[in-house]
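**Q** I have a structure I would like to understand better, so I am pasting it below and will then ask my questions one at a time.
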């Protein structure tokens, strides 16, 4: 669980760094992320704003390791969830 929280925290850091470089509509969408609960269109706008933030972060900070950390935390968290039942099944008794 803590690895997923680290991945989310790293993603938040990436979005916060890229926020000043985004257009005003994406900034508003990301700032009000938790305020409005809309339909499918709202989710598409949020997803699009996060994609733009990711791209703008890669463009503005090409040597930043935060994107790599996010990917590593997410992959390790997913692998740990998948392999835990296997470890219980075949592990020492």
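**Q** Residue 43 - would you say it is loosely packed, with under 12 Cβ neighbours inside 10 Å and either on the phi > 0 side of the Ramachandran plot or not in a helix (DSSP H, G or I) (or both)?
**A** Values: loosely packed, with under 12 Cβ neighbours inside 10 Å: yes; either on the phi > 0 side of the Ramachandran plot or not in a helix (DSSP H, G or I) (or both): no.
It is false that residue 43 is loosely packed, with under 12 Cβ neighbours inside 10 Å and either on the phi > 0 side of the Ramachandran plot or not in a helix (DSSP H, G or I) (or both).
**Q** Go through (1) within 17 Å of residue 10 (Cα to Cα); (2) surrounded by fewer than 13 Cβ atoms within 10 Å (Cβ to Cβ) for residue 74 and report which single condition fails.
**A** Residue 74 satisfies all of (1) within 17 Å of residue 10 (Cα to Cα); (2) surrounded by fewer than 13 Cβ atoms within 10 Å (Cβ to Cβ) except (2).
**Q** Name every residue in the range 4-22 that is free of Cβ contacts under 8 Å to residues at least 24 places away in the same chain and either closer than 25 Å to residue 72 by Cα or surrounded by 11 or more Cβ atoms within 10 Å (Cβ to Cβ) (or both), in order of residue number.
**A** Start the filter on the range 4-22 by keeping residues that are free of Cβ contacts under 8 Å to residues at least 24 places away in the same chain, which leaves 5, 8-9, 12, 16, 20.
5, 8, 9, 12, 16, listed by residue number.
**Q** Could you list, in sequence order, all residues of the range 46-75 that are in contact (Cβ under 8 Å) with a residue 12 or more places away in the chain and in a loop (DSSP other than H, G, I, E, B)?
**A** Answer for the range 46-75, where residues must be in contact (Cβ under 8 Å) with a residue 12 or more places away in the chain and in a loop (DSSP other than H, G, I, E, B): 61, 64.
**Q** Let me ask you something else. Taking the condition closer than 16 Å to residue 2 by Cβ and either within 14 Å of the chain's Cα centre (by Cα) or modelled with pLDDT of 95 or more (or both), does residue 81 pass?
**A** Numbers: closer than 16 Å to residue 2 by Cβ: yes; either within 14 Å of the chain's Cα centre (by Cα) or modelled with pLDDT of 95 or more (or both): no.
It is false that residue 81 is closer than 16 Å to residue 2 by Cβ and either within 14 Å of the chain's Cα centre (by Cα) or modelled with pLDDT of 95 or more (or both).
The values are calculated or read from the model by the stated rules, or taken from the named source; none is laboratory data. These figures come from a predicted structure and were not determined experimentally. Note that each Cβ is placed from the backbone with ideal geometry, even for glycine, and that neighbours are counted across all protein chains shown.
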